[in-house]
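Step one of this worksheet: look at the structure below.
The values are calculated or read from the model by the stated rules, or taken from the named source; none is laboratory data. No experiment lies behind these values; they were computed from the predicted model shown. Here the Cβ positions follow ideal geometry from the backbone for every residue, glycine too, while neighbour counts run over all protein chains shown.
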Amino acid sequence: MTLTVVPDSSLLPDLSKVSQVDEVGVNERAARFQTRSIKKESKIEALHMILSMIDLTTLEGQDTSGKVSQLCQKAIHLHNTLPNLPHVAAVCVYPTMVGVAKKALGDHKINVASVATAFPSGMAPRHIKLEETRLAVEEGADEIDMVISRGAFLQGEYGLVFDEIAAVKEACGEAHLKVILETGELGTLDRVRRASVLAMHAGADFIKTSTGKIQPAATLPVTLVMLQAIRDYFYDTGRMVGMKPAGGISTAKLAVHYLVMLRETLGNAWMTPEWYRFGASSLANDVLMQLQKQATGVYQSADYFSKD
Amino acid sequence: MDNQNKLAFDGGWQYAPAPESTDHITIDGQYGLFIGGDFVAPESGKYFESINPATEEVLSSVASASSADVDSAVKAARKAYNGPWSKMKAAERGKYIYRIARILQERAREFATIESLDGGKPIRESRDIDIPLAAAHFFYYAGWADKLEYAFPGKRPVSLGVAGQIIPWNFPLLMAAWKIAPALACGNTVVLKPAETTPLTALKLAEVVRDAGLPDGVVNIITGAGETGAAIVNHDDVDKVAFTGSTGVGRIIQRALAGTNKKYTLELGGKAANVIFADAAIDQAVEGIVNGIFFNQGHVCCAGSRLIVQESVADEVVQKLKDRMETLIVGDPLDKNTDIGAINSASQLETIESYLRLGQEEGAEMHQSSRDIPTTGYWCRPTIFTGVSQSNRIVQEEIFGPVLAIQTFRTLDEGLSKANNTPYGLSGGVWTDKGSKIFKMTQKIRAGVIWANTFNKFDPTSPFGGYKESGVGREGGMHGLGAYLRLEG
């Protein structure tokens, strides 16, 4: 469900009214999800779900057409020796690589996601951000991962950040918009919650934790706060917004804990690639390694799994 | 507010059963009384069964101690007190207590499993809370053994003699630790009676005491029902009585002790208010409500069984609480994913169910989670009542189950008055983002323990105890030492 009307800043809610966040309580709740013991068939189901939710990502200055093409092959053929594997949700690249990825993926139902808006810093004039967004969409991007202007947000220029998101949303046209809050630069969970509310009201289809270029990137507590913001927005408006934790989730075990948290916070409706994504580069292989172990009873070395 | 934008928690991805194994534990078919360092048969030859409340299967049969057995236990304790224990150097005494703590840690998994089997509490709680905290109490009081003069500067602390201790079924091992650790550290010997429905971890603790090499008779553990407890309380050679349990029994004990020289501490019932202000971190407060009332099936004397929520956020809190209740897993206590285990006994389940009927008769609206519960054993779904009044019995009386009564308030004074309008005063909770409000409320709520922006947190260093009908005396921390000492000079 993509918003068809572009919001204007009269829709910006009073962020001072957004519910407070108690960090100690959030950490406690997040730790509790990690005590869930996911075994046997529920584990295998989770591992498949995780693979199907991955935005397989390469965002390096040294990316080449060759590397992106290879990554797309990996997205299609995760590990052919294991039967019945799903494919990942999307391949996530820089705008200049969208065309390459689109071609490499061909008719496969794997989306191309492109970062835009002067990723990862967002330090560019708005018209350039919009131009970059339009270019990525013209090249064939199905999804745009934008960054918010953290400087403006931290200065309290909420209207400015809101308008920028709304403008990028408009530039996206049919493409889905993921809004990266870069929570590692926001400093407090209260700000994470407010930024989430702002982004959703401005038209985000997804909210996303991090660029992966700043530490800390995604954490369970930060993701929990964003999920709770999504839930409150859904209670109020009936509109579902997707969630994408990105950066720092490199093991299957941790990803399963993210799924547990998702299940117990937003429920089953969100447990599909349409509403939940993992932004990750090395997660897929760890999940494959676990699936191989479930199938054969032994762990194989990393050398048995293609890197890209 | 009945929001039509509903979240769905049924169906979809489910957690496969993840039961803790029971291969690693041994439970004997029959247990005698642990008196004078040995397990001995009861004088009457009578035994009673301890069952698993989740399956109704018999776990073991344990001895029923008569007053003659109580007498021999008290004699053994007196002999040990007069003999080695009161004459031993305090640092040596401390070593024994440290040893108990370490053995408990080493055998933690076994204790956790037996605790969940015998009492019905989720293994997550017995593993992460009960057993580690029990060991922590022994560690903490072991450290005090040779430092008692520093706790009471200018006084000479003297041990009392034989302590008679009676503990409840909700935290069997933990309550045994709360009682035994400070008593031993202060140089007393003990006769302890665990609850009738949950004797097994106390009997296992007797094994630990034996393995730790404590002199015979320093710790005596005897099982039985109410009459056994009464015999301990009324025994002439008992110097101190420590009781945790219902207010009704507490009253009988206090009456029995009036006019005697015995010191006593009574840890009784509660009906704690959890007060949520509109400026609280609501999502974390909802977690606090859940921890407050659904922890250990609500079998907690300090449970936050009354929710008093500011009216402007009441609808939001209730909606979120209802959704959260759908994610609580009720079932096999040994499953690592279980959030709410079995009700401890058939009779307790009956009590809880009678309150559920009563609440509805009183006109309150009852809401329960829709999740499945097992068909054998004793179970109760997490339950909340809205639209309740201060005059309702479900607001005034302790239910001791996973049942929450929800009221609203407008001003701080109204919230405070509701919180205090109860014969109990064991614990309370305050949720607000504003520090000044925390101080105002915590100073004025008349309860022994008050948590701010959290609930049901325990630590050996922190004293615990009640006002009014919630009891007398404090256990835990430095205060807990005073209950087992006479201060001279």
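Can you find a residue in the stretch A:243-254 that is touching a Pro at 6+ places or on another chain (Cβ under 7 Å), more than 14 Å from chain B (Cβ to nearest Cβ) and assigned to a strand (DSSP E or B)? The answer is no, given that none of the residues of the stretch A:243-254 is touching a Pro at 6+ places or on another chain (Cβ under 7 Å), more than 14 Å from chain B (Cβ to nearest Cβ) and assigned to a strand (DSSP E or B).
Looking across the stretch B:82-111, the residues that are surrounded by 18 or more Cβ atoms within 10 Å (Cβ to Cβ), within 13 Å of B:Val218 (Cβ to Cβ) and charged (D, E, K, R) come down to B:Arg93, B:Arg99.
Checking the stretch B:406-424 against the condition returns a match, with at least one residue being under 14 Å from B:Ser470 (Cα atoms), surrounded by fewer than 23 Cβ atoms within 10 Å (Cβ to Cβ) and in contact with a Ser or Thr (Cβ under 9 Å, 6 or more places away or on another chain). A single member of A:Arg277, A:Arg231 is over 18 Å from A:Val26 (Cβ atoms) and either among the basic types (Lys, Arg) or more than 14 Å from chain B (Cβ to nearest Cβ) (or both), and it is A:Arg277.
Exactly one residue out of A:Ala269, A:Ala284 is within 11 Å of chain B (Cβ to nearest Cβ), touching a residue at least 24 places away in the same chain (Cβ under 8 Å) and surrounded by 15 or more Cβ atoms within 10 Å (Cβ to Cβ): that is A:Ala269.
The single condition from (1) away from chain A (no Cβ under 14 Å); (2) among the hydroxyl-bearing types (Ser, Thr, Tyr); (3) not in a helix (DSSP H, G or I) that B:Ser86 fails is (3).
Kindly evaluate A:Val26 against the criterion of being under 18 Å from the mean Cα position of the chain (by Cα) and among the β-branched types (Val, Ile, Thr). The answer is no for A:Val26. Out of A:Thr265, A:Thr251, A:Thr296, one residue alone is modelled with pLDDT of 95 or more, hydroxyl-bearing (Ser, Thr, Tyr) and farther than 21 Å from B:Arg324 by Cβ. It is A:Thr251. Do we find that A:Lys39 is charged (D, E, K, R), within 10 Å of chain B (Cβ to nearest Cβ) and more than 29 Å from A:Phe119 (Cα to Cα) in this structure? So A:Lys39 fits the description; yes.
Looking only at residues of the stretch A:21-33 that are surrounded by 14 or more Cβ atoms within 10 Å (Cβ to Cβ) and out of contact with any Pro (no Cβ under 9 Å at 6 or more places or on another chain), we find that the one that is farthest from the other protein chains (Cβ to nearest Cβ) is A:Phe33.
Here is the figure for the stretch B:1-27: residues that are acidic (Asp, Glu) and either modelled with pLDDT under 95 or assigned by TED's automatic domain parsing to the domain that holds B:Ala77 (or both) total 2.
Among residues that are among the polar types (S, T, N, Q), crowded, with 24+ Cβ neighbours inside 10 Å and over 19 Å from A:Ser19 (Cα atoms), A:Ser250 is not included.
From the set of residues in the stretch B:1-47 that are surrounded by 14 or more Cβ atoms within 10 Å (Cβ to Cβ) and not in a loop (DSSP other than H, G, I, E, B), which is nearest to the other protein chains (Cβ to nearest Cβ)? Top of the filtered list is B:Pro19. As a summary of the residue check, A:Asp236 satisfies the conditions (1) within 12 Å of chain B (Cβ to nearest Cβ); (2) in contact with a helix residue (DSSP H, G or I) (Cβ under 9 Å, 6 or more places away or on another chain) except for the one numbered (2).
Test A:Ala104 against the criterion of being touching a residue at least 24 places away in the same chain (Cβ under 8 Å) and either assigned to a strand (DSSP E or B) or of a type in the set (A, V, I, L, M) (or both), and give yes or no.
Values: touching a residue at least 24 places away in the same chain (Cβ under 8 Å): yes; either assigned to a strand (DSSP E or B) or of a type in the set (A, V, I, L, M) (or both): yes.
So A:Ala104 fits the description; yes.
So, in the stretch B:334-391, exactly how many residues are assigned to a loop (DSSP other than H, G, I, E, B) and either surrounded by 15 or more Cβ atoms within 10 Å (Cβ to Cβ) or more than 14 Å from chain A (Cβ to nearest Cβ) (or both)? Residues flagged as assigned to a loop (DSSP other than H, G, I, E, B) and either surrounded by 15 or more Cβ atoms within 10 Å (Cβ to Cβ) or more than 14 Å from chain A (Cβ to nearest Cβ) (or both) within the stretch B:334-391 amount to 31. Against the criterion of being assigned by TED's automatic domain parsing to the domain that holds B:Val209, out of contact with any helix residue (DSSP H, G or I) (no Cβ under 6 Å at 6 or more places or on another chain), crowded, with 21+ Cβ neighbours inside 10 Å and part of a strand (DSSP E or B), B:Val74 does not qualify.
Within the stretch B:399-419, is there a residue that is hydroxyl-bearing (Ser, Thr, Tyr), within 24 Å of B:Thr244 (Cβ to Cβ) and touching a residue at least 24 places away in the same chain (Cβ under 8 Å)?
For the stretch B:399-419, residues hydroxyl-bearing (Ser, Thr, Tyr), within 24 Å of B:Thr244 (Cβ to Cβ) and touching a residue at least 24 places away in the same chain (Cβ under 8 Å): absent.
Residues checked against (1) at pLDDT 95 or above; (2) over 19 Å from B:Met478 (Cα atoms); (3) in the same structural domain as B:Gly45 (by TED's automatic domain parsing); (4) out of contact with any strand residue (DSSP E or B) (no Cβ under 9 Å at 6 or more places or on another chain):
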{"residue": "B:Pro122", "(1), (2), (3), (4)": "yes, yes, yes, no"}
{"residue": "B:Arg127", "(1), (2), (3), (4)": "yes, yes, yes, yes"}
{"residue": "B:Asp146", "(1), (2), (3), (4)": "yes, no, yes, yes"}
{"residue": "B:Tyr150", "(1), (2), (3), (4)": "yes, no, yes, yes"}
{"residue": "B:Pro153", "(1), (2), (3), (4)": "no, no, yes, yes"}
{"residue": "B:Val158", "(1), (2), (3), (4)": "yes, no, yes, no"}
{"residue": "B:Asn188", "(1), (2), (3), (4)": "yes, no, yes, no"}
{"residue": "B:Ala202", "(1), (2), (3), (4)": "yes, yes, yes, no"}
{"residue": "B:Thr228", "(1), (2), (3), (4)": "yes, yes, yes, no"}
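Does B:Ala278 fit the bill of being surrounded by fewer than 24 Cβ atoms within 10 Å (Cβ to Cβ), within 23 Å of B:Gln319 (Cα to Cα) and within 14 Å of another protein chain (Cβ to nearest Cβ)? Yes; evaluated as a whole, the condition is true for this residue. Summed over the stretch A:143-181, the residues that are outside any helix (DSSP H, G or I) and surrounded by 19 or more Cβ atoms within 10 Å (Cβ to Cβ) give a count of 14.
B:Phe111 meets the stated requirement of being part of a helix (DSSP H, G or I), in contact with a Leu (Cβ under 8 Å, 6 or more places away or on another chain), within 23 Å of B:Tyr378 (Cα to Cα) and not hydroxyl-bearing (Ser, Thr, Tyr).
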